[in-house]
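Below: the structure, in structure tokens.
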DNA sequence: TCTGGGGTCCTAGGACCC
DNA sequence: TCTGGGGTCCTAGGACCC
């Protein structure tokens, strides 16, 4: 019973790096092998990547690091700060290798990619998956698992089994109806890609408990309660590929820069440094994708885990001329900050968000203010970007961002920048 | 002492217009 | 006694992802 106009002929592989951040650290520090290892989020806050040994200690994902530090050390384990320069670089290497296995690769996240395998001369899909695993490991040192099926959602499920059952040797293809049925019946509804906590709870209340149940749920029920997005998930579970591969990353529609501080901050001048720093980062991201922002928002948060008065607020403004010119954005952003700032609170986090992004070439003409693209300001900012690109971030920076930066995030357990900084290159003795 | 950051899409409902 | 209806646009908020 083929559904009209739907595609049931795709072959999609999901390649997912195992415990990615931990694996990156292990490539350059083999002494971490066999031990419980966790990588922490920004500010050394939550655990965001866990080795298998650490998972075996029943330490949950997202848990605050300090709560488990004792347990981890007692078991000979290690906690590490996150080193995104290293992970980003290792990720590009993995993706580079994947390109040789399919002409159509979508980099889905820092540690996952979808590969379209349609029309390739592959006699044994699972064997192909194992080959991918072998070659990626050989060239990058990173272990991966491969799941293959008719849709992204099914490939995710195949990947899950490939990763968790040693018998599959890191690769599983779910192509035949009976195999798919068996896998879906054993997949709890909360493990399905696209079903989060709220939907899982709702579905269970309605006796939909496995992926197989969801696959067979009535269309109108799903459309009504889980909307179009949820219905796509159902079709994907039925083997219809509804979520296309996106090979070229489309430009972002919004850009957020926000971080928690290493300490409580009450002082307006310190908040000004932070906001100014975040605007600088955000504007770099804007220019990188050749966008300008039409709308800007600044927000402040107190510490939600601490007793005491809370204050979470934001202010925003439409920009009279959409721009990505850092000094203009800083000037407006600092005005917004002074608007939203209330003295007497201890702030833990601040941030800035740019939205209404459009291509820099599409800025409407404005007779009162020059478009920065046609302006000497553009030349100046390009020169600054170039210097920072060649000589390193913040070689040239804006005075309002401050120098001391007492508020800046903490990374006490940082590993060296093995791959992106000459002096940190590993040495062979 | 210490609890992340950065995105997307969809819908309901209000404002406004004719 | 009676109090339109339909369309569009925008925004806030809620769901999801890594």
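Some observations on this one:
- Considering region A:43-61, and only residues there that are in contact with a helix residue (DSSP H, G or I) (Cβ under 8 Å, 6 or more places away or on another chain) and part of a helix (DSSP H, G or I), the residue that is farthest from residue A:82 (Cα to Cα) turns out to be A:54.
- Any chance residue A:256 is assigned to a strand (DSSP E or B) and either surrounded by fewer than 17 Cβ atoms within 10 Å (Cβ to Cβ) or within 16 Å of DNA strand C (Cβ to nearest atom) (or both): yes
- Where a residue in region A:82-96 is in contact (Cβ under 8 Å) with a residue 60 or more places away in the chain and its partner, wherever it lies, is surrounded by fewer than 22 Cβ atoms within 10 Å (Cβ to Cβ) and in a helix (DSSP H, G or I), with Cβ under 6 Å and at least six apart: A:94/A:140
- Filtering region A:50-87 to residues that are under 17 Å from residue A:17 (Cα atoms), within 13 Å of DNA strand B (Cβ to nearest atom) and surrounded by fewer than 19 Cβ atoms within 10 Å (Cβ to Cβ) leaves A:61, A:84.
- Counted residues, region A:191-215 - those being under 21 Å from residue A:109 (Cβ atoms) and outside any helix (DSSP H, G or I): 5
- The set of residues in region A:27-42 that are part of a loop (DSSP other than H, G, I, E, B) and either at negative phi or within 16 Å of DNA strand B (Cβ to nearest atom) (or both) comprises A:29, A:33, A:35, A:36, A:41.
- Any hit, region A:404-411, residues being at positive phi, in contact with a helix residue (DSSP H, G or I) (Cβ under 7 Å, 6 or more places away or on another chain) and in contact (Cβ under 8 Å) with a residue 40 or more places away in the chain: yes
- Taking (1) in contact (Cβ under 8 Å) with a residue 60 or more places away in the chain; (2) under 27 Å from residue A:378 (Cα atoms) in turn, residue A:317 satisfies each apart from (1).
- Of the residues in region A:216-237, not one is within 14 Å of DNA strand C (Cβ to nearest atom) and in contact with a strand residue (DSSP E or B) (Cβ under 9 Å, 6 or more places away or on another chain).
- Sole exception among (1) over 29 Å from residue A:112 (Cα atoms); (2) more than 14 Å from DNA strand B (Cβ to nearest atom); (3) over 26 Å from the mean Cα position of the chain (by Cα) for residue A:276, by number: (3)
We did not get these values from a lab; they are worked out from the coordinates using the rules stated. None of these values were measured; they are calculated from a predicted model. Backbone-built Cβ (ideal geometry, glycine too); neighbour counts: all protein chains shown.
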